[in-house]
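In what follows, a single structure is set out as structure tokens and then discussed.
The values are calculated or read from the model by the stated rules, or taken from the named source; none is laboratory data. Here the structure is a predicted model, which is why all the values come from computation and not from measurement. Cβ: placed from backbone, ideal geometry, glycine included. Neighbour counts: every protein chain shown. Calculation scope for accessible area: heavy atoms of the full protein, side chains included, ligands and nucleic acids excluded. Shrake-Rupley method; radii C 1.70, N 1.55, O 1.52, S 1.80 Å.
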Protein chains: 2
Amino acid sequence: MSAPKRVGQHTLQFANPPVIVATASVVGPKEGEGPLGDTFDMVIDDSYFGEETWEKAERKMLEEAVKMVIAKAQLKPQDIDFLLAGDLLNQTISANYAARSLGIPFLGLYGACSTMYEGMALAAMLIDGGFAHHVVAACSSHYDTAERQYRFPTEQGIQRPPTAQWTVTGAGAVLMAPVGNGPRITHATIGRVLDVGIKDPNDMGSAMAPAAVDTIVRHFQDTGRGPIDYDLIITGDLGRVGHEIATKLLGEKKYDVSKNYSDCGILIYDHERQDTHAGGSGCACSAVVFAGHLMGKLNEGRYKRILGVGTGALLSTTATQQGESIPGIGHGVVIEG
Amino acid sequence: MSAPKRVGQHTLQFANPPVIVATASVVGPKEGEGPLGDTFDMVIDDSYFGEETWEKAERKMLEEAVKMVIAKAQLKPQDIDFLLAGDLLNQTISANYAARSLGIPFLGLYGACSTMYEGMALAAMLIDGGFAHHVVAACSSHYDTAERQYRFPTEQGIQRPPTAQWTVTGAGAVLMAPVGNGPRITHATIGRVLDVGIKDPNDMGSAMAPAAVDTIVRHFQDTGRGPIDYDLIITGDLGRVGHEIATKLLGEKKYDVSKNYSDCGILIYDHERQDTHAGGSGCACSAVVFAGHLMGKLNEGRYKRILGVGTGALLSTTATQQGESIPGIGHGVVIEG
């Protein structure tokens, strides 16, 4: 027996590919000064965004991104059937409190930095399955909230090693519908949790790369496609370290991605000028690069078909303190312009 | 325009109601000694379950519950298309690490104690939508891991107020498929995040009751049904305090639930004998009561149609320290025997 909307063992193929009607992005000052600065909808002036704490600032960015994407689609919050959202903070408080103020039926996700792609894949299933007219997938992250939760408070001024990544301050939102104008999600390949024994929270690229490769390889095997079938293959936030590992691992599987593989964590900062070491990370990294840069290129026709893989390091201070290594996951979504 | 699989504004009505093929439950010693002790598949001897830490014990319970539900259905992990899981711990580490050892494509959820019902609702959409043959929804919680993360380490022996609830030590898993023998999920009403200003982490029943009521009322309005149409209406973990509030709030809306409304947090312990104050809570509360007690009554024919509402208090120490109150959510699922 074979389900009607699957191809191969693990990949979903949507019967009526859901449309990405609108996207919205809000980013912090550093992201605004980066190479993609012009592609974001809103750049906030300071990382507090008028709030008392960074956590409240992060939540406000997420709320703004969701409100903006709904307004761009000329809809109201009550027109949205489901909000799928998550973030990096304990108990995903940015998403929970944003959902409280928005009042939209809410499905909370935790996929670490893969959350945007987990949300887009699920949203595509809910729409193609006939369960919703309008779904918003959204997520956020914030450099200062993530550093103090996962590593050291930024005020402490700890020196960061070259493998460290810089958590993107920002929020991205994607509004999807069964019909409309915009790029379409044609396939999704859901990630498996892989762990290669990395224990250093300042080397997440190495922790996540094998999971991203696992998803990309399964996607190619399921669809019979290869790198040549995509204008761009882009991972979420492997950064320069993880990008190099993923390129090598894919090469070992005979997939040459040297010409068309990039990573959102590499694109979002000018690492020489901005002191961001291995690149960007955080839920917002793949979210705002998709909502801004990639959505622009898809709408322009520069990219006709991309494979995006949101990557997540399932990092936890509790697990690390108990001797555990950091598992990774990567969710793949195909978007056609 | 009206989507084919919706009724009213917010409720999903499945075209081919997914079948709950099997359930599995693993619980701690205290739950095993409670009034529902005989309904669980496995009662562990001590709360460490042979592990070095309570967190690792919780993860092991979750793994065991998922392995058991797959074995009960005479399947193997590689037959499962998706695992939808979450828990209460920061970064949902029980679910992430269980997913690592199981190797099943994984969609991580955060719905606090509503996670089981969020997972069942999503699993039903993925199956009815044609995206999967077999989906496992699962979650876990553990008294000692939850207390030390959210309140005080249990070793400290802090006195608990009468409104406090006792986090259930356990894990539950539900395996769903498009066809087979077992109860079916016919409807789902996804929760909205509501907040009535409760700030006491030892009074979660009061924090969650309004969200549960919101979901139940929307469900009744959407379906044109009322309390009389259900053999049982059961909330996840409101406990005695929240159950009383929910009963009153529903009465104010002219829904008399005095005859057929219960709560898993009340059923799972003998609160006089077991010193559990207002009742049980935690992701595992509604999960193991469903997997054990309710599944048994549905299969016996004692219940023909129930409305289960998984309730979650979106509690966070960070948010509380920043002056925030505790929002609640409730996801409703209709199961017919």
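Data for the structure
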{"item": "All helices (runs of 4 or more DSSP H) inside region A:273-337 with 1 or more residues being open to solvent by 10 Å² or more (accessible area, probe 1.4 Å) and not assigned by the TED database to the domain that holds A:Leu62", "result": "A:295-300, A:317-321"}
{"item": "Cβ-Cβ under 7 Å pairs, at least 6 apart or on other chains, region B:131-153 side farther than 15 Å from B:Val288 by Cβ, far side modelled with pLDDT of 95 or more and of a type in the set (D, E, K, R)", "result": "B:Ala132/B:Asp81; B:His133/B:Asp81; B:His134/B:Asp79; B:His134/B:Asp81; B:Val135/B:Asp81; B:Thr145/B:Glu55; B:Thr145/B:Glu58"}
{"item": "Evaluation of A:Gln78 against (1) outside any helix (DSSP H, G or I); (2) open to solvent by 20 Å² or more (accessible area, probe 1.4 Å); (3) free of Cβ contacts under 8 Å to residues at least 60 places away in the same chain (one fails), failing number", "result": "(1)"}
{"item": "Residue within region A:147-166 that is facing chain B (nearest Cβ under 9 Å), open to solvent by 10 Å² or more (accessible area, probe 1.4 Å) and closer than 22 Å to B:Ile329 by Cβ present", "result": "no"}
{"item": "Yes/no for B:Ala173 being assigned by the TED database to the domain that holds B:Leu122 and farther than 20 Å from A:Tyr97 by Cα", "result": "yes"}
{"item": "Candidate set from region A:200-218 (those that are within 14 Å of chain B (Cβ to nearest Cβ) and over 18 Å from the mean Cα position of the chain (by Cα)); member that is modelled with the lowest pLDDT", "result": "A:Pro201"}
{"item": "Residue check for A:His293: facing chain B (nearest Cβ under 9 Å) and in contact with a helix residue (DSSP H, G or I) (Cβ under 7 Å, 6 or more places away or on another chain)", "result": "no"}
{"item": "Selected residue (criterion: nearest to the other protein chains (Cβ to nearest Cβ)) from residues of region B:131-145 that are among the aliphatic types (A, V, I, L, M) and closer than 24 Å to A:Asn16 by Cβ", "result": "B:Ala132"}
{"item": "Boolean, A:Ile185 is in contact with a Phe, Trp or Tyr (Cβ under 8 Å, 6 or more places away or on another chain), in contact (Cβ under 8 Å) with a residue 60 or more places away in the chain and within 14 Å of chain B (Cβ to nearest Cβ)", "result": "yes"}
{"item": "Residues of region A:113-130 that turn out to be open to solvent by less than 10 Å² (accessible area, probe 1.4 Å), within 7 Å of chain B (Cβ to nearest Cβ) and in a helix (DSSP H, G or I), as a count", "result": "4"}
{"item": "Residue within region B:30-37 that is among the basic types (Lys, Arg) and under 30 Å from B:Thr317 (Cβ atoms) present", "result": "yes"}
{"item": "Residues (open to solvent by 10 Å² or more (accessible area, probe 1.4 Å) and of a type outside the set (Lys, Arg)) located in region B:94-112", "result": "B:Ser101, B:Leu102, B:Gly103"}
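Listed here are the residues, each with its yes/no results for (1) out of contact with any Phe, Trp or Tyr (no Cβ under 6 Å at 6 or more places or on another chain); (2) more than 30 Å from B:Ile80 (Cα to Cα).
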{"residue": "B:Met204", "(1), (2)": "yes, yes"}
{"residue": "B:Val217", "(1), (2)": "yes, yes"}
{"residue": "B:Pro227", "(1), (2)": "no, yes"}
{"residue": "B:Tyr230", "(1), (2)": "yes, yes"}
{"residue": "B:Thr235", "(1), (2)": "yes, no"}
{"residue": "B:His243", "(1), (2)": "yes, yes"}
{"residue": "B:Leu249", "(1), (2)": "yes, yes"}
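Residue by residue, here is whether (1) open to solvent by less than 10 Å² (accessible area, probe 1.4 Å); (2) out of contact with any Gly (no Cβ under 8 Å at 6 or more places or on another chain) holds:
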site	(1), (2)
A:Val21	no, no
A:Thr39	no, no
A:Phe49	no, yes
A:Glu52	no, yes
A:Lys67	no, yes
A:Ile70	yes, yes
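Residue-by-condition table, conditions (1) touching a Pro at 6+ places or on another chain (Cβ under 7 Å); (2) among the small types (Gly, Ala, Ser); (3) modelled with pLDDT of 95 or more:
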position	(1), (2), (3)
A:Gly8	no, yes, no
A:Val21	no, no, yes
A:Val27	no, no, yes
A:Thr39	no, no, yes
A:Gly50	no, yes, yes
A:Lys60	no, no, yes
A:Ala73	no, yes, yes
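Yes/no matrix, rows are residues, columns are (1) hydroxyl-bearing (Ser, Thr, Tyr); (2) under 20 Å from A:Ser140 (Cβ atoms); (3) facing chain B (nearest Cβ under 10 Å):
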| position | (1), (2), (3) |
| --- | --- |
| A:Thr39 | yes, yes, no |
| A:Asp45 | no, yes, no |
| A:Glu63 | no, yes, no |
| A:Lys67 | no, yes, no |
| A:Leu75 | no, no, no |
| A:Leu84 | no, yes, yes |
| A:Asn90 | no, yes, yes |
